[in-house]
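Written out below as structure tokens is the structure these notes cover.
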Amino acid sequence: SHVTLLNTVPSALSELLRGAGLPPSVRTVNLAGEPLPRALVTRAYQVPSVQRLFNLYGPSEDTTYSTWALIDSSEAGTPPIGRAIANSQVYLLDRFGQPTPFGVPGEVFLGGEGLARGYLGQPSLTAERFVPNPFSTSPGARLYRTGDLARWRAEGQLEFLGRNDHQVKLRGFRIELGEIEAALARQPGVREVAVLVREDVPGDKRLVAYLVLAPDAPSVSELRRALQQQLPGYMVPAHLLPLDALPLTPNGKLDRRALPAPDARPSLDTGFVAPQSALEQQLASAWQSVLRLDKVGVHDNFFDLGGNSLLMVQLHAQLRETLKLDVPLVELFRAPTIRSLAKLLSREVSDQPSLEKHQERATKQKQVMDQQKRLLMRMKDGKKNG
């Protein structure tokens with residue numbers, strides 16, 4: 001009953017608020033060790049006794065805390081990690097060791113009085129992580145290379161973006177998972193979020209976002225549409241998977257290995273309507289195979305189910321092989337539901353030749369073109385001889 005300061009990680013605070021709550025004597029909350037969701041800030045300030053909430057950042061190599069930010073209950077967006085504490089310095093550097101401008105992600109380098117000497121008995125690791133400080137005039141000054149990514153915001157505070165080793169390459173694009181998590185954390189009703197790349201089938205990598213949502217949170221479809229307006233298409237996760245809680249390790253950190261594979265139809269605005277006709281059932285089977293889902297409804301949008309342009313190409317090839325219809329790929333994008341695609345294919349059956357007839361026509365056209373080429377060659381030869 002006399003505890004006035006709570007110092008813990010965000011996931012632990014979230015569980016406390018879900019359960020017994022905080023002691024009524026708590027006035028100040030310090031959070032560190034994990035990205036802080038805006039929704040958790042709102043929940044913490046709903047506790048009548050809580051007056052201040054600080055977001056702290058720093059590794060053990062810099063004596064635990066390096067930056068601090070007092071988080072206002074009325075602010076929106078991703079909570080910052082603030083500015084350097086006294087006697088500490090923070091630098092954001094690009095891969096060439098140059099400071100990054102405002103808004104541009106860079107790796108976090110730390111310096112100052114709190115820096116450790118290195119790792120006991122590991123000189124090579126010490127040399128890799130504790131590097132010379134080019135910004136200091138003090139002999140032997142060093143910086144600690146954290147491996148974390150952040151960017152300077154316009155008001156001069158730091159925004160944490162995740163780990164540098166959480167940078168992935170997907171379909172030729174380099175992606176910062178922390179940027180996706182930050183975009184999701186800014187959405188109303190998103191309490192916790194984790195994004196990772198899964199490769200449940202060899203060679204098929206997909207972005208998956210795991211969400212803990214408030215009861216009044218937007219639907220998964222609405223969250224996807226919001227992301228599509230804020231992020232490039234290649235950064236929008238294939239799956240947005242709501243969970244009751246994110247799995248934690250014994251020390252209270254996110255257990256990424258325990259996050260489940262998305263194998264079920266996601267919750268969509270459109271209610272589930274089972275395929276009716278034989279054609280719809282064939283299409284549903286193809287969609288389930290390509291999207292790796294247990295079921296799909298006739299009104300489900302291909303892209304809301306986790307589809308993308310690459311998977312659409314796979315679907316196109318499978319439909320050609322299964323239904324023997326040469327449907328232009330662009331038509332699949334225009335008909336992204338099973339019901340609309342079934343109507344399109346039904347018209348193709350009655351109005352267009354089959355794939356075999358298309359191939360026969362193409363063969364005849366090639367023969368005609370070959371004959372025309374030979375005729376032109378003979379005409380040219382005749383002119384030369386004449």
Those residues of region 296-333 which are at positive phi and in contact with a His (Cβ under 9 Å, 6 or more places away or on another chain), in sequence order: Gly306
Of the numbered conditions (1) under 29 Å from the mean Cα position of the chain (by Cα); (2) loosely packed, with under 15 Cβ neighbours inside 10 Å; (3) at positive phi, Arg18 satisfies every one except a single condition; which is it? (3)
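Residue by residue, here is whether (1) touching a helix residue (DSSP H, G or I) at 6+ places or on another chain (Cβ under 7 Å); (2) more than 24 Å from Arg38 (Cα to Cα) holds:
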| position | (1), (2) |
| --- | --- |
| Ala127 | no, yes |
| Asn133 | no, yes |
| Arg142 | no, yes |
| Gly147 | yes, no |
| Arg151 | no, no |
| Gly156 | no, no |
| Asn164 | no, no |
| Phe173 | yes, yes |
| Leu177 | yes, no |
Among the residues of region 168-205, count how many are at pLDDT 85 or above, under 15 Å from Arg256 (Cα atoms) and surrounded by fewer than 22 Cβ atoms within 10 Å (Cβ to Cβ). 3
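Tell me, which strands (runs of 3 or more DSSP E) wholly within region 179-260 include 2 or more residues that are more than 16 Å from the chain's Cα centre (by Cα), in the same structural domain as Gln314 (by TED's automatic domain parsing) and closer than 25 Å to Ala32 by Cα?
Values: elements: 190-201, 204-213, 239-242.
Answer list for region 179-260: none.
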Find all pairs meeting these conditions: Cβ atoms under 9 angstrom apart; at least six residues apart or on different chains; first residue within region 302-329 and closer than 14 Å to Ala286 by Cβ and among the small types (Gly, Ala, Ser); second residue surrounded by 14 or more Cβ atoms within 10 Å (Cβ to Cβ) and modelled with pLDDT of 75 or more. Gly307/Ala238; Gly307/Trp287; Gly307/Val290; Gly307/Leu291; Gly307/Asn301; Gly307/Leu315; Gly307/Pro336
Scan region 21-43 residue by residue and report those that are among the hydrophobic types (A, V, I, L, M, F, W, C) and either under 26 Å from the mean Cα position of the chain (by Cα) or not assigned by TED's automatic domain parsing to the domain that holds Leu5 (or both). Leu31, Ala32, Leu36, Ala39, Leu40, Val41
How many residues does region 89-112 contain that are over 11 Å from Leu161 (Cβ atoms) and part of a strand (DSSP E or B)? 9
Looking at region 295-317, which of its residues are surrounded by fewer than 18 Cβ atoms within 10 Å (Cβ to Cβ) and either charged (D, E, K, R) or assigned by TED's automatic domain parsing to the domain that holds Ala238 (or both)? Lys295
Examine region 136-146 for a residue that is of a type in the set (S, T, N, Q), surrounded by fewer than 19 Cβ atoms within 10 Å (Cβ to Cβ), at pLDDT 90 or above and closer than 27 Å to Asn55 by Cα, and state whether such a residue exists. no
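Going through Leu248, Leu254, Leu268 one at a time, which residue ends up being hydrophobic (A, V, I, L, M, F, W, C), modelled with pLDDT under 85 and closer than 24 Å to Gly77 by Cβ? Full working, then the answer.
Numbers: Leu248 fails: closer than 24 Å to Gly77 by Cβ; Leu268 fails: closer than 24 Å to Gly77 by Cβ.
After applying the criteria, what remains is Leu254.
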Across region 7-28, what is the number of residues that are part of a loop (DSSP other than H, G, I, E, B) and either touching a strand residue (DSSP E or B) at 6+ places or on another chain (Cβ under 8 Å) or touching a residue at least 40 places away in the same chain (Cβ under 8 Å) (or both)? 4
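The values are calculated or read from the model by the stated rules, or taken from the named source; none is laboratory data. A quick note: this is a predicted structure, and the numbers were derived from the prediction, not measured. Ideal geometry is used to build each Cβ from the backbone, glycine not excepted, and the neighbour counts take in all protein chains shown.
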